[in-house]
Amino acid sequence: MSKEIIPELVPKEPWMTQALQKDLAQCAQGGKITCIQAHRFAHDHGLELSKMKLLMDSCGIKLKECQLGCF
């Protein structure tokens with residue numbers, strides 16, 4: 001069982017813009033995103049994978065179909 005994500009408890013950082021969060025929300029379907037989609041999103045937006053995990057948590061988005069366990 002995966003841990004529950006509580007977006008309100010994730011510390012917001014200056015780079016976490018509303019536009020970036022909106023783009024991620026549009027990419028995710030049903031509050032979930034695949035590993036390959038997360039990698040592609042991070043690459044397209046110039047984000048390190050560690051920052052991608054923070055962004056996903058801040059949006060309440062969970063990872064599905066994980067390939068490498070990077071998140």
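The values are calculated or read from the model by the stated rules, or taken from the named source; none is laboratory data. Please read all numbers here as calculations on a predicted model, not as lab measurements. Quick reminder, even Gly has a Cβ in these numbers, built from the backbone with ideal geometry, and neighbours come from all protein chains shown.
I'd like the residue in the range 38-53 that is at pLDDT 90 or above and under 21 Å from GLU4 (Cα atoms) and, out of all such residues, is surrounded by the fewest Cβ atoms within 10 Å (Cβ to Cβ).
LYS51
Determine which single condition LYS22 fails, assuming it passes every other condition in (1) part of a loop (DSSP other than H, G, I, E, B); (2) free of Cβ contacts under 8 Å to residues at least 12 places away in the same chain; (3) of a type outside the set (Ser, Thr, Tyr).
With (1) part of a loop (DSSP other than H, G, I, E, B); (2) free of Cβ contacts under 8 Å to residues at least 12 places away in the same chain; (3) of a type outside the set (Ser, Thr, Tyr) applied to LYS22, the lone miss is (1).
Residues of the range 48-71 being free of Cβ contacts under 8 Å to residues at least 12 places away in the same chain and not small (Gly, Ala, Ser), which ones?
Answer for the range 48-71, where residues must be free of Cβ contacts under 8 Å to residues at least 12 places away in the same chain and not small (Gly, Ala, Ser): just GLU48.
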